[in-house]
Structure formats: structure tokens, C-alpha cells
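Remarks on the structure that follows.
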Amino acid sequence: MIPDYDKALYYTLWGQWDDLLVLMVRTNDDILSKKIEQFLNAYHYSLDQTKVVDSHDTLLYYLDHAMKYNPPVVVEM
């Protein structure tokens with residue numbers, strides 16, 4: 001099973017906007033969903049190129065941060 005962050009990174013880098021939209025709807029990570037929504041909205045509707053680039057960079061920064069997170073290990077005795 002491929003984590004949502006890996007999928008989002010792949011879809012973003014390769015310009016697969018339809019798949020990114022489906023991931024936005026299906027993911028359990030609300031922040032990821034919001035970042036994808038902001039990027040796709042800017043990409044499709046914004047006339048300001050800097051807004052598109054900023055939302056793209058914000059999505060990539062979030063993906064980088066989320067992929068570095070390691071949940072704490074629970075040891076049962």
C-alpha cells in the first residue's frame with residue numbers, strides 16, 4: 001500500500017491533476033486535502049503566477065514535512 005504522501009508527491013511532480021483531485025477527496029489527512037485543494041484552485045483559476053508557484057511550493061513543503069514524521073514506537077510488555 002502506497003501512502004497518500006508518496007502518491008501526492010508523484011501526482012504533483014508529474015502533473016496528474018485528476019489523480020491528485022481524487023486523492024484530495026479520499027485522503028484521511030485533512031491538512032493534505034486542504035493543501036491539494038489550494039494548489040489545484042490556484043492552478044486552474046488564478047491569473048497570478050506567483051500564487052500558483054507559492055501554493056505548489058507549500059504543498060511540496062508539507063509533503064516533505066509529513067514524510068519525515070515517524071510516529072513513536074509503542075512497546076507492550
task = Could you please find all residues in segment 21-47 being polar (S, T, N, Q) and farther than 13 Å from residue 7 by Cα?
result = 28, 38, 41, 46
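Residue-by-condition table, conditions (1) of a type in the set (Asp, Glu); (2) surrounded by fewer than 17 Cβ atoms within 10 Å (Cβ to Cβ):
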| position | (1), (2) |
| --- | --- |
| 4 | yes, no |
| 11 | no, no |
| 18 | yes, yes |
| 27 | no, no |
| 31 | no, yes |
| 39 | no, no |
| 59 | no, no |
query = Restricting the search to segment 41-57, which residues are surrounded by 11 or more Cβ atoms within 10 Å (Cβ to Cβ) and among the hydrophobic types (A, V, I, L, M, F, W, C)?
reply = 42, 52, 53
message = Criterion first (of a type in the set (Lys, Arg) and under 10 Å from the mean Cα position of the chain (by Cα)) does residue 51 satisfy it?
response = no
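Quick note: the coordinates plus some simple rules give every number you see, no bench work behind them. This is a predicted model, so every value here is computed, not measured. Glycine also receives a Cβ, built like all others from the backbone with ideal geometry; neighbour counts cover every protein chain displayed.
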